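Everything below concerns the one structure shown next.
Since every read-out is calculated from the coordinates, none of them should be taken as a lab result. Since we're looking at a predicted model, the values are computed, not measured. Using ideal geometry, Cβ is built from the backbone for each residue, glycine included, and neighbour counts are taken over all protein chains shown.
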Amino acid sequence: MTRFLLPALLVLFAPVTSHAARPQVRLSYERGSGAERCPGEQSIRDGVLVRLGYQPFAAEGELAIAARVAGEDDSGLVARITMRDASGELLGEREVVSPHADCTELTEAMVLAICIAIDPVGVGWVERKPVVATAEPRDEPSTASAVPPSFNATLGVVGSLGVEPGVSLGAALGGSVRWSLLSLGLEARASFPVAAREVAEGKVTGAVSAGSVLSCLHRGPLAGCVFASGGALRVSSEGIAGGRSVTGAFFAAGGRALYELGLTQALGLRFNLDLIVPFVPSSIVVDRSAAWVSPPVAGSAGLALSWKL
C-alpha cells in the first residue's frame with residue numbers, strides 16, 4: 001500500500017521532535033487531478049489531532065509540511081509529503097501510494113506519516129493506548145478521515161443506435177451523490193432523430209424521452225454502473241399512407257462503462273458507453289408486416305461535463 005517504511009520515518013524524523021518540546025507545524029495540502037473526491041485539508045488536520053492527542057498546527061510554525069495528492073495512471077493515487085525547517089531546508093520526503101485509488105486508505109496512511117514526522121514518540125504512545133482503554137479509540141482516526149459524500153451534476157450529449165428506428169442524438173442531465181467508491185444518481189435524457197430508417201414506401205424515425213436511476217462502483221477515473229430507465233418512445237412515419245406519430249411506453253435496463261477526465265478540482269469530462277436491454281420490444285407495422293422491431297440489445301454513447309457541487 002505504501003512506498004515508505006514506518007521504521008525509516010522514525011529514524012528520519014526522530015531527531016527533529018521530542019515529547020518534551022513539541023514543534024509547531026505549518027501544513028499545506030493540495031489535491032491534484034484525479035484526487036478531487038479525496039478528503040480536504042480539514043480532514044487531514046482532524047485526523048492528526050485525533051491520533052496525536054494535541055494540536056500541532058500553527059500559522060507561524062517553525063516546521064513546514066506540504067502534502068499533495070494526485071492520480072497517476074500507473075500507480076492509482078499518490079501522495080507526496082515533504083518536511084522543511086524554518087530556513088526552507090528539506091528534512092525529509094516520503095511517498096504514499098494507493099494502487100486501487102482508495103481515498104480513505106490513502107488518507108489514513110498520510111495522517112500516520114504526518115504524525116510520525118511531527119512526533120514519533122507521541123504516535124507510538126497513542127498506538128499503544130487502545131490496549132488499556134475501555135472504549136475503542138482506534139475507530140476515531142478513520143472516522144475523522146472518512147471521505148464525506150460528494151454531490152455531482154452532469155450535462156452532456158448522447159447518441160443512440162437501436163433504441164429508436166435509425167440514429168438519434170439528444171441531451172442528458174444528471175445528478176449523483178457519491179460515498180467513497182459507490183455513487184447513486186438520477187439522469188434524464190431526451191433525443192431527436194438525425195437519421196431515418198427506410199421502410200416499404202417511406203421512412204420512420206423515433207425519439208425517446210426517459211429518466212434513469214443509476215448505481216455505480218468507482219475505481220479511480222473508471223466506473224461501472226447498472227441502471228433502470230422508464231419513459232416514452234415516439235415514432236413518426238413519412239411517405240407512408242396513413243402516416244402518423246405514435247407514442248408508447250419505454251422501459252429498459254442496462255450497464256454503463258464510464259471514464260472521467262479531471263480538468264480542475266471541481267470540473268471534469270465524462271465519457272460513457274451504455275448497453276441497453278428493453279423490457280418490452282418495440283415494433284412498427286406497415287401493411288400488417290413488421291417494418292422495424294427493436295433489437296434485443298441497443299447501445300448509446302455520451303459525453304458530459306461534470307462538476308462537483
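Shown is the FRET efficiency for THR247 and VAL177, computed with R0 = 25 Å from the Cβ-Cβ distance and rounded to the nearest 0.05: 0.15.
Extension gain for the segment GLU62 to ALA228, taken as residue separation times 0.36 nm less the Cα-Cα distance, is 54.1 nm to one decimal. In terms of the mean number of neighbouring beta-carbon atoms within 10 Å, the peptides 224-236, 152-164 order highest first as 152-164, 224-236. Tally the DSSP beta bridges in segment 18-116 and give the antiparallel ones as a percent, rounded to 5. Around 70 percent antiparallel, to the nearest 5. Between ALA153 and SER215, the FRET efficiency from the beta-carbon distance, with R0 = 25 Å, is close to 0.90.
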